[in-house]
Amino acid sequence: MKLYEFEGHNLFSKVGIASPFFVACSNMDEVEQARKRLKFPIVAKVQVLSGKRGKGGGIKICTNEKQLNDFCRGMFGAEFSGEGVRFISLAEKAQIEGEYYASITYDTTLKIPFLLFSKSGGMDIEEVKKNSPEEILRFDINPFSGPDKTNLSKKLKDETLADFLIRLWDAFIRYDCRLVEVNPVAKVGDDYLAVDAKIILDDAGLARHRDLDVLQKGSAGAIPTERELAARKIDEEDYRGSAGSTFIEFGGDIAVLASGGGASLLVMDALSEAGGKPSNYTEYSGNPPREKVEKLTKITLSKEGLSGCLVCGAVANFTDIYETLAGFADGLAEVKPKPDYPIVIRRGGPRQKEAYEMLEKLAKKEGFDIHLFGPETPISVACREMVRLSEKFKSSEKGQAFLQEVSKVKA
Amino acid sequence: MAILVNSETKVLIQGITGKSGLSACADLLDYGMQVVGGVTPGKGGQVAMGLPVFNSVRELVAALGLVDCAMVNVPPLLTLDAAMEAIDAQIPLIHIFAERVPVLDTSKILFRAKEKGVRVLGPNSVGAISPGEGKVGSIGGPNAKITFSKGPVGVISKSGGMCSELGSMITNAGFGQSTVVGIGGDLLVGTTFVDALEMFESDTQTKVVVMFGEVGGNAEIEAARLVAVKKFTKPLIIFLAGKFAEKLPKDTALGHAGAIVGLDSTMEQKVASIKKSGAILAENFEDIPGILKKVIK
């Protein structure tokens, strides 16, 4: 989970990393209140999850009230890097004597955390890496003992700075971060301040930080959609297997209920290649109980204007296909209005045959348009079939609407 | 010969009295594996599936002797402690099943394992199977004998489902597998594509390897590099999944914790490095059996 800058500063303050005094505002009234507590020049920064705020005009140093109000009024609710601006932070401009860069993240090849430090702060670290790599110091970290403070002090020739970096490590491990980045770290007098804060929390670690005061974020955007929040709740309430912890809206007309982290990628690729427009991405895996699949089915099919539903996954190892598809059937029964669009199911694995017998009976009894494919049918073939059936459904629907129009005109 | 697991492999299960431990144990016994016993703290002295349960890995090893593999089948937040026990007892292979183990815990596990010279498979790994020989983890579940068959094809995938899907596809195409390895979909894993390829290189049974790659990370590029520098010399067929996700914002995490859009390398960079290396890129997933037929003459 990515954090807003102001959330990052709040988290840093718990480990003793200071920032210039700031107030996060969500409307013009709050800007008005905050202004009274700050002295000009005031640095106004839009709070968005995508970087490059400086280059994109999202940061403005305001020397008077008019400048401040114009900037904030123009930014609230506006789109910045494709993201709606909900918050603007106002901070007093610090007297900065030097700007540095510091970050800690994981090296996926060496499988350890590492710290990067550079004297060239305030600019894009990728640029520094390219143009003057000698300016970047790297420290590999033993995850048990943390960075070696003596070594840091020796290399940086600055104990206060080493202390700052140790606190950064503190934040990194205390809150299960995947990334902490401060750019710039500002030297102000004898102290070091975090002028920016970029933090990505490890989603798997959130379970041990239930008390953390941060806003929910979307998988693919800052603001989670309603369906996304509802889907996420399924796993929060029940740890067995996983269902819906990732739910991304794609805006198309084919609902997708995929299975497995790897297979779900293949399914989305195959569906898109066949010309289908997915309504969403979501998946369940690891043998979730029947009720979890039922809940996810209801959420996935809750959208209007669907023209197909694709339930697709690989040959399962240990996921009970009967139980999970019974959950799908339970969910399907509760969807209103009753789905009349084609449903394509492709799966294999434990109790798949029993599951398909159950679904055939259900289709007959309730009049669902269900098409079943076993492991002998490639995933891509099932996806193409989904697109074909959905096109057929749409043209017959259009035909119906046309006939209705015609009869209206005649009457 | 196969890699990681064979007919001699002796296994212990940590968390043997839990639901996932019990079901994995049943499948292993059904496959003819030598499961010597299990560990659940506080339940020492009990019996699970006819096997003795101990309070710690150390107690089990003291009573029954060293085993080849410890399967860690405990919930994600308990995995660190359980894995540390197995590492400290120097069990040569540790399989970690749980999904959602915090990255910090994983990095500690892998750091200590490296110090002790212990191999970790996972976390978030479905396991490994050498068909007709043996298996560890939950790979193949109760259908392992139908899905997989013995032969010359090595298989590596982060995804457990795709291990079975590939096993079944390759079996139906008339080829068997030497070993099918689920390395796990997390950001950090103990055994990477490269590690598995190095083992397959020196395995005489393996003639060709099929790899299921994903969006995010550098693992596929590192595998391609191994081919380019001739440290892996057998034919390598790679399929890449997750092209659709390239349109999503950077840092979007998908089903696997390691499948993060824009992390390290883009799909385009992966495709380019595979093509340049001499490995074979399967454009469509169903092309794999056809390519295998051409490669295995």
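Taking the highest mean first, how do the peptides A:205-212, A:310-317, A:338-345, A:15-22 order by number of other beta carbon atoms within 10 angstrom per residue?
The packing order, highest mean first, is A:310-317, A:338-345, A:15-22, A:205-212.
Rounded, prolate or oblate: which one fits the protein assembly as shown, using the alpha carbon gyration tensor with axes a ≥ b ≥ c (rounded when a/c is under 1.5, else prolate when a/b beats b/c, else oblate)?
It comes out oblate by the Cα gyration axes.
Could you tell me what percent of the DSSP beta bridges with both partners in the range A:220-329 are antiparallel, to the nearest 5?
35
What residue among B:L226, B:S107, B:A26 has its Cα farthest toward the positive end of the dipole of the range B:10-295, where the charges are +1 on Lys, Arg and -1 on Asp, Glu, each on the Cβ?
About the Cα centre, the residue reaching furthest to the positive side is B:L226.
Hey, what does the equivalent ellipsoid look like for the range B:1-124, semi-axes from the Cα gyration tensor as sqrt of 5 times each eigenvalue, largest first, whole Å?
Taking √(5λ) for each Cα gyration eigenvalue gives 20, 16, 14 Å.
So for the range B:10-295, what are the equivalent ellipsoid semi-axes in whole Å, largest first, each being the square root of 5 times an eigenvalue of the Cα gyration tensor?
Equivalent-ellipsoid dimensions as semi-axes: 32, 21, 16 Å.
Mind checking how much accessible area B and A bury in total, 1.4 Å probe, in Å² rounded to 100?
Roughly 4500 Å² of accessible surface disappears when B and A pair.
Give me the percent of the accessible area of chain B that comes from carbon and sulfur atoms, probe 1.4 Å, all protein chains in place.
54
Work out the mean other chain Cβ neighbour count within 10 Å for the residues of B:132-142 and drop it here as an integer.
The shielding value for this peptide is 3.
Average partner chain C-beta neighbours within 10 Å, per residue of A:102-112?
Across A:102-112, the average partner-chain Cβ count within 10 Å equals 5.
Using only atoms on other chains, find how many Cβ atoms lie within 10 Å of each Cβ of peptide B:160-173 and report the average.
Mean shielding by partner chains, rounded to a whole number: 6.
Would the range A:21-92 count as rounded, prolate or oblate if I go by the C-alpha gyration tensor, calling it rounded below 1.5 in a/c and otherwise prolate when a/b exceeds b/c, oblate otherwise?
prolate
In whole Hz and in residue order, list the ³J(HN,Hα) couplings for the range B:211-225 that follow from phi through the Karplus curve 6.51 cos²θ - 1.76 cosθ + 1.60, θ = phi - 60°; x for Gly and Pro.
Whole-Hz 3J(HN,Hα) from phi for the range B:211-225: 10, 9, x, 9, 5, x, x, 10, 4, 6, 5, 5, 5, 5, 4.
Between A:V214, A:Q67, A:G54, whose Cα lies farthest towards the positive end of the dipole of chain A when Lys and Arg beta carbons carry +1 and Asp and Glu beta carbons carry -1, centred on the Cα centre?
So the residue we want is A:Q67.
Note down the net charge around B:G18, summing +1 for each Lys or Arg and -1 for each Asp or Glu among other residues with Cβ under 12 Å from its Cβ.
+3
Grab the other residues whose beta carbon is less than 11 angstrom from that of B:F200, score K and R as +1, D and E as -1, and report the net.
With Lys, Arg at +1 and Asp, Glu at -1, the neighbours total -2.
Go through A:130-137, A:47-54, A:247-254 and give me the packing order, highest mean Cβ count within 10 Å leading.
Peptide ranking by packing, descending: A:247-254, A:47-54, A:130-137.
Excluding same-chain pairs closer than 8 in sequence, count the lysine pairs in the range A:21-92 whose Cα atoms lie under 22 Å apart.
9
Under a 5 Å amide H to amide H cut-off, with H placed in plane at 1.01 Å, what residues pair with B:T191 once short-range neighbours are removed?
B:G122
Quick one: net charge of A:G313's neighbours, Cβ under 10 Å, K/R +1, D/E -1?
With Lys, Arg at +1 and Asp, Glu at -1, the neighbours total 0.
Under unit Cβ charges (Lys, Arg +1; Asp, Glu -1), what dipole magnitude, rounded to 20 debye, does chain A have relative to its Cα centre?
The calculation lands at about 560 debye.
Rounded if a/c is under 1.5, else prolate if a/b beats b/c, else oblate: with a ≥ b ≥ c from the C-alpha gyration tensor eigenvalues square-rooted, which is the range A:222-353?
Since a/c stays below 1.5, the shape of the range A:222-353 is classed as rounded.
Determine the per residue accessible area of the range A:226-402 with all protein chains present and a 1.4 angstrom probe, expressed in square angstrom.
The answer is 40 Å² per residue.
The values are calculated or read from the model by the stated rules, or taken from the named source; none is laboratory data. What you see is a predicted model, and the numbers here were worked out from it, not measured in a lab. So basically every Cβ, Gly included, is an ideal-geometry build from the backbone, and we count neighbours across all protein chains shown. Keep in mind that these areas ignore ligands, DNA and RNA; they rest on the heavy atoms of the full protein, side chains included. Shrake-Rupley method; radii C 1.70, N 1.55, O 1.52, S 1.80 Å.
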